[in-house]
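Asks: Structure in structure tokens, see below.
What follows draws every value from the coordinates through simple rules; no lab data is involved. Owing to the predicted nature of the structure, the values given are computational and were not obtained by experimental measurement. Methodologically, a virtual Cβ is constructed for each residue, glycine included, from the backbone with ideal geometry; neighbour enumeration extends over all protein chains shown.
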Amino acid sequence: MAVELTERAASEVKTIIEQQSLDPAKTYLRVGVKGGGCSGFSYTLDLTEHVSESDEQWDIHGIKVVCDSKSNIYLSGTAVDFKDEVMGRGFVFNNPNATHTCGCGSSFSA
């Protein structure tokens, strides 16, 4: 499995799907990367109903997760977690392929 979603992250995604009145049966969590950010690549998370034939798909803790093949190269082995702490709350990427991560944690280089 290229991308892992912790139970805490999956629970937060389920809450967001419910808050936005989306159909859980048709909603996917798209995990990806795009060029940019302070370190070269930025992580992306999006809720979508669109899935391409070239997307990798997983069902993780009841969440349908998709990742395009180009992003999958950079995200292999990455764990997506959710933190809710005094210093902030949000999704956190633990990427073993990142050679450098910026201070904000939302971009990396590989």
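Asks: On average over all directions, what projected area in square nanometres does region 3-109 have, based on the convex hull of its Cα atoms?
Replies: So the Cα hull casts an average projection of 6.7 nm².
Asks: Quickly rank 60-73, 40-53 as a protection proxy: mean count of other C-beta atoms within 10 Å, highest first.
Replies: Going by the mean number of other Cβ atoms within 10 Å, highest first, we get 60-73, 40-53.
Asks: Once Lys and Arg get +1 and Asp and Glu get -1 on their Cβ, which of SER11, VAL92, GLY62 lies farthest toward the positive end of the dipole of the chain?
Replies: VAL92
Asks: Also: Kindly provide the helix-only [θ] at 222 nm of the chain, computed as the sum of -39,500 (n - 2.57) over DSSP H runs of four or more divided by all residues, to the nearest 500 deg cm²/dmol?
Replies: -5500 deg cm²/dmol
Asks: Separate question: Treating only the Cβ atoms of Lys and Arg (+1) and Asp and Glu (-1) as charged, compute the dipole magnitude of the chain about its Cα centre; round to the nearest 20 debye.
Replies: 280 debye
Asks: What residues have an amide H closer than 5 Å to that of GLY40, excluding those fewer than 5 places away on the same chain, when H is modeled at 1.01 Å from N in the peptide plane?
Replies: Amide H neighbours of GLY40: PHE108.
Asks: Could you check which residue among ALA98, ALA25, ALA79 shows the biggest mean-square fluctuation in a GNM of the chain with a 10 Å Cα cutoff?
Replies: Top of the fluctuation ranking is ALA25.
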